[in-house]
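Participant: First the structure, then my questions, so here it is.
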There are 2 protein chains.
Amino acid sequence: MRRLGFGLALTLAAWPVWADTVSTFKLDNGMDVVVIEDHRAPVVVHMVWYKIGAADETPGHSGIAHFLEHLMFQGTKDVAPGDLSKIVAAQGGSDNAFTTLDYTAYFQRVAADRLGLVMKLESDRMHNLNLTEDDVTTERKVILDERTERTDSNPGALLSEQMAAAQYMNHPYGIPVIGWRHEMEALSRQDALDFYHANYAPNNAILVVAGDVKPDDVLALAKQYYGPIPPSDAIKPRIRPTEPPQLAERRLVLADARVAQPYVVRSYLATERNPGDQRQAAAISLLAELLGGSGTTSVLAKALQFDTQRAVYASASYDGVSVDADTFSLVVVPVPGESLADAEKAMDEVVAKFMKDGVNAADFARIKTQVMAAQIYARDNTQGLAREYGAALAVGLSVKDVQDWPDLLQSITADEVMAAAKLVLNRHNAVTGYLTTEEAAQ
Amino acid sequence: MRRLGFGLALTLAAWPVWADTVSTFKLDNGMDVVVIEDHRAPVVVHMVWYKIGAADETPGHSGIAHFLEHLMFQGTKDVAPGDLSKIVAAQGGSDNAFTTLDYTAYFQRVAADRLGLVMKLESDRMHNLNLTEDDVTTERKVILDERTERTDSNPGALLSEQMAAAQYMNHPYGIPVIGWRHEMEALSRQDALDFYHANYAPNNAILVVAGDVKPDDVLALAKQYYGPIPPSDAIKPRIRPTEPPQLAERRLVLADARVAQPYVVRSYLATERNPGDQRQAAAISLLAELLGGSGTTSVLAKALQFDTQRAVYASASYDGVSVDADTFSLVVVPVPGESLADAEKAMDEVVAKFMKDGVNAADFARIKTQVMAAQIYARDNTQGLAREYGAALAVGLSVKDVQDWPDLLQSITADEVMAAAKLVLNRHNAVTGYLTTEEAAQ
């Protein structure tokens with residue numbers, strides 16, 4: 001927290017506090033290595049990121065990327081099922097994994113002198129995975145339960161799923177990471193092994209090590225553990241179907257008796273951060289902050305939560321760390337008694353006024369300071385930093401793109417934000433969804 | 001016309017006029033042969049149907065099935081580009097081809113004694129296609145022009161395309177047969193050859209010959225021309241991704257300055273005719289006829305065009321000859337001055353009243369007679385009959401399924417129609433589209 005205060009005070013005056021201590025290497029087998037030094041505590045975060053996600057699945061086999069992530073804990077010739085996590089825990093560490101549309105990552109957090117141990121375990125399962133039919137049957141039940149809990153029991157998650165399917169007419173981002181239930185039920189051991197052999201290899205992976213380590217020591221360990229794994233010639237460039245022109249906004253209403261808090265959400269297609277070409281994405285990021293960033297001073301929150309008190313919550317969001325076009329979203333949760341149609345109308349009026357008035361200079365300065373503070377915050381969290389670099393590299397960005405991003409955000413002009421707004425806020429590219437308790441217009 | 005009058009008079013009394021003179025064979029290489037005898041005129045229709053369509057394309061390569069259909073006229077070692085059609089025309093015949101989501105078919109109509117000639121030509125291009133880069137470049141321009149003319153210049157076609165993409169969340173029926181323009185522009189010679197080699201083979205094809213021929217003679221010719229072509233072991237079962245539960249109706253408005261006649265269209269997912277299991281599809285077919293079949297006596301036409309004069313046109317449609325779930329559609333074209341929202345409301349009120357009142361017995365009897373008459377009409381057209389058998393077999397139905405269909409339609413009860421209506425007219429599975437001249441709700 002001391003560092004944070006320091007950072008906040010310095011924001012505009014003393015910019016060069018910036019550069020993370022990052023070293024990069026590439027092993028002979030094509031594996032990228034990124035080392036982020038942070039010597040404040042004797043711990044290390046070890047992550048392996050595979051440049052493969054749910055959007056790379058074979059049609060009809062949705063969920064296989066995530067299913068394989070689960071099955072990667074089933075062990076190898078040398079490590080019994082479940083033992084990897086037990087070994088890490090026994091050393092006082094923790095481990096986990098996650099799958100997104102674009103990548104799959106495995107990580108452990110351990111004492112710095114245990115780095116070799118986790119590398120040994122992680123490199124082993126990169127090419128020696130053992131899978132029995134029983135493992136697959138058991139774990140399939142687990143992912144189905146996960147879908148029940150996280151998606152099917154959650155009307156908001158169901159709305160997101162239906163909206164994504166309507167948002168993408170051609171691109172696989174319309175298919176959920178967890179998978180469609182009927183396809184998950186059919187995922188087989190062979191599907192998992194096929195996906196594993198086609199995609200898990202050092203030349204499709206990024207090693208990120210962050211913490212109390214020296215780059216040369218990490219490189220030596222990486223060479224020892226990951227170096228002997230042969231590259232795969234099955235790795236193909238990630239070329240996914242792209243969107244045709246979207247000519248008509250899609251609208252849908254998800255009515256579910258379990259809904260406690262109705263809301264309206266609008267998503268628009270929005271360009272992603274591209275290598276060496278992040279300026280438009282940076283403008284869209286600032287647009288999201290201005291219109292509906294965290295806190296209560298955004299354009300939407302001010303107009304709907306405070307000035308007119310028509311909403312209990314209003315926000316905008318955009319990420320942009322993706323291989324292909326992402327979405328820019330607006331959400332308004334109206335106060336009880338306010339209809340979703342009126343809430344949407346109010347939201348659109350606020351956006352229309354913003355498009356007419358343009359960026360308020362004081363708001364813009366404040367937002368830029370907030371964004372910078374957030375970047376500095378993030379830099380205080382080694383694990384978060386490791387995730388930021390890992391995710392960026394896994395979608396094709398470079399270390400330089402990550403490091404350029406904070407300055408880029410500060411350099412964006414109000415005109416660029418308005419140009420981005422004109423481009424993104426195109427209703428033809430939009431999906432509008434209502435989450436409600438009642439059947440509407442049946 | 002004499003035959004038709006005869007048929008109509010006989011409809012209810014003398015049913016067994018029915019059986020088409022159909023013979024079937026299978027060649028040793030797996031090619032199905034269907035012969036439909038019609039000795040009234042000395043002509044023959046020769047068709048080869050490949051069980052491959054746009055829904056079987058590799059994602060990102062939309063339009064390749066249709067593109068290959070065009071390229072199949074580019075010739076072989078023995079036949080120069082364009083010569084096949086010239087040879088057929090020189091014999092007084094005609095030829096053409098078509099591609100749908102589920103199949104691709106080539107046909108010629110010639111004097112009956114020229115059957116061997118067209119078999120020689122068609123069997124040649126089944127396995128000897130020659131394609132130069134120049135052919136591909138030239139023909140790619142042709143299909144792009146075709147897209148411009150048929151789709152991009154036609155707001156109704158664009159609406160259909162956008163609606164299909166919204167209708168299917170996971171299944172490739174959401175992708176247009178002609179292809180998305182940006183993907184068509186990238187289709188290469190290699191894409192065409194890959195699709196050709198993977199899918200064009202006798203064991204993926206159905207030969208339909210209809211006209212003044214004897215089955216044994218057709219079989220002998222088929223053995224001579226198609227018999228020597230080896231089967232392919234690359235032919236895989238057509239397993240496409242299927243739909244997850246659709247939880248929310250999707251709505252969209254396509255506004256285009258070129259629209260002369262605004263209308264509202266609603267499409268619902270509807271089960272297709274399945275081998276040995278066509279009863280539900282038959283009930284849906286009768287539902288379409290009752291609600292909005294051709295003519296002016298349907299429930300929708302009567303209510304909207306005549307009783308209230310709110311629409312200039314109202315109809316319902318369903319085909320059901322498809323590999324996977326098809327759509328059931330309602331269309332209302334309102335009179336000038338009536339809004340699309342009011343037209344939709346009126347349409348829904350008519351449907352709701354139908355659901356409440358049930359099937360009118362007199363209407364049902366009349367519809368069944370009309371359906372039977374249409375079947376008898378169809379049987380008077382040899383080429384139409386060849387298409388009916390070819391399409392049915394190409395989507396996996398059998399000759400028996402085709403022959404059972406007319407009786408099956410007659411056997412459907414009013415209760416079955418209402419049960420089908422309850423199943424199909426589920427707004428969660430629906431897309432509602434407005435075609436209009438004005439930007440609505442921007």
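Read-outs throughout are calculated quantities, based only on the coordinates presented, and are distinct from any laboratory measurement. These numbers were taken from a predicted model, which means no experiment stands behind them. Every residue, glycine as well, gets a Cβ built from its backbone with ideal geometry; the counts of neighbours run over all protein chains shown.
Participant: Counting Lys +1, Arg +1, Asp -1, Glu -1, what net charge surrounds residue A:51 among other residues with beta carbon under 9 Å of its beta carbon?
Facilitator: -1
Participant: Identify which of B:330, B:68, B:193 has the largest mean-square fluctuation in a Gaussian network model of chain B, with springs joining Cα atoms closer than 10 Å.
Facilitator: Per the Cα network of chain B with a 10 Å cutoff, B:193 tops the list.
Participant: Mind listing the Cα extents of chain B along all three principal axes, in Å, largest one first?
Facilitator: Here the Cα extents, ordered largest to smallest, are 63, 57, 38 Å.
Participant: Right, something else. If you filter segment B:227-269 for trypsin sites (Lys or Arg not before Pro), then keep DSSP loop positions with at most 14 other Cβ within 10 Å, what is left?
Facilitator: For trypsin sites (Lys or Arg not before Pro) across segment B:227-269 that sit outside H, G, I, E and B with at most 14 neighbouring Cβ atoms in 10 Å, the list reads B:258.
Participant: How far, in nm to one decimal, is residue B:185 from itself in the other copies if the label point is set 7 angstrom along Cα toward Cβ? Shortest first, please.
Facilitator: Between copies, matching label points for residue B:185 lie 4.3 nm apart.
Participant: Among the listed pairs B:26/B:86; A:26/A:400; A:356/A:422; A:26/A:51; B:302/B:345, which are separated by more than 19 Å between their Cα atoms?
Facilitator: Where the Cα-Cα span goes over 19 Å, the pairs concerned are B:26/B:86.
Participant: Taking square-rooted eigenvalues a ≥ b ≥ c of the alpha carbon gyration tensor, is segment A:350-397 rounded, prolate or oblate, where a/c under 1.5 means rounded and, failing that, a/b exceeding b/c means prolate?
Facilitator: oblate
Participant: Roughly what % antiparallel, to the nearest 5, for the DSSP beta bridges in chain A?
Facilitator: Here the share of antiparallel DSSP bridges comes out near 80 percent.
Participant: Using alpha-carbon positions, what is the distance between the centroids of segment A:43-95 and segment A:386-442, in Å?
Facilitator: 29 Å
Participant: Need the full-extension length gain, residue A:353 to residue A:366, defined as separation in residues times 0.36 nm minus the C-alpha distance. One decimal, nm.
Facilitator: 2.7 nm
Participant: Also, I was wondering about something else. For the protein assembly as shown, what is Rg from Cα atoms divided by 2.2 N^0.38 Å, rounded to two decimals?
Facilitator: Dividing the Cα radius of gyration by 2.2 N^0.38 Å gives 1.08.
Participant: Per-residue ellipticity at 222 nm for chain A, helices alone: DSSP H runs ≥ 4 residues times -39500 (n - 2.57), over residue total, nearest 500 deg cm²/dmol?
Facilitator: Value at 222 nm, helices only: -12500 deg cm²/dmol.
Participant: Could I ask something else about it? What angle, in degrees between 0 and 90 and rounded to the nearest 10, separates the Cα long axis of helix B:133-147 from the longest principal axis of the Cα atoms of chain B?
Facilitator: It works out to around 20 degrees.
Participant: Place a +1 charge on the Cβ of each Lys and Arg in segment B:64-142 and a -1 charge on the Cβ of each Asp and Glu, then give the dipole magnitude about the Cα centre in debye, rounded to the nearest 20.
Facilitator: Charge dipole of segment B:64-142: 160 debye, to the nearest 20.
Participant: Picking from A:54, A:303, B:252, whose Cα lies most toward the positive end of the charge dipole for the protein assembly as shown (charges on Cβ: Lys, Arg +1; Asp, Glu -1)?
Facilitator: A:303
Participant: If you don't mind, another one. Report, for residue B:82, each distance to the same residue's label point in the other copies, shortest first and in nm; define the point 7 Å along Cα→Cβ.
Facilitator: In nanometres, ordered from closest: 7.3.
Participant: Please say if segment B:59-126 is rounded, prolate or oblate, where rounded means a/c under 1.5 for a ≥ b ≥ c the square roots of the C-alpha gyration tensor eigenvalues, and otherwise the choice is prolate for a/b larger than b/c and oblate otherwise?
Facilitator: Verdict is prolate for segment B:59-126.
Participant: Could you work out, residue by residue across B:168-174, how many beta carbons of other chains sit within 10 Å of that residue's beta carbon, and then give the average as an integer?
Facilitator: The mean count of partner-chain Cβ atoms within 10 Å per residue comes to 4.
Participant: With +1 assigned to the C-beta of every Lys and Arg and -1 to the C-beta of every Asp and Glu, and no other charges, what is the dipole magnitude of the protein assembly as shown about the Cα centre in debye, to the nearest 20?
Facilitator: 680 debye
Participant: Where the only charges are on Cβ atoms (+1 Lys, Arg; -1 Asp, Glu), what is the dipole of segment A:322-370 about its Cα centre, to the nearest 20 debye?
Facilitator: Value, rounded to 20: 300 debye.
Participant: To test your reading of the geometry: what angle, between 0 and 90 degrees and rounded to tens, separates the Cα axis of helix A:361-379 from the longest principal axis of chain A?
Facilitator: Helix A:361-379 sits roughly 20 degrees off the main axis of chain A.
Participant: Answer rounded, prolate or oblate for segment B:12-103, using the Cα gyration tensor with square roots of eigenvalues a ≥ b ≥ c: rounded when a/c is under 1.5, else prolate when a/b is larger than b/c, else oblate.
Facilitator: Note, shape of segment B:12-103 comes out oblate.
Participant: Put a label point 7 Å from Cα along the Cβ direction on residue B:59, then list its distances to the equivalent points in the other copies in nm, shortest first.
Facilitator: 0.8
Participant: If amide hydrogens are placed 1.01 Å from N in the peptide plane, which non-local residues have theirs closer than 5 Å to the one on residue B:312?
Facilitator: B:333, B:335
Participant: On a 0 to 90° scale, report how tilted helix B:279-292 is relative to the longest principal axis of chain B, with both axes built from alpha carbons and the result rounded to the nearest 10.
Facilitator: Once rounded, the angle reads 60 degrees.
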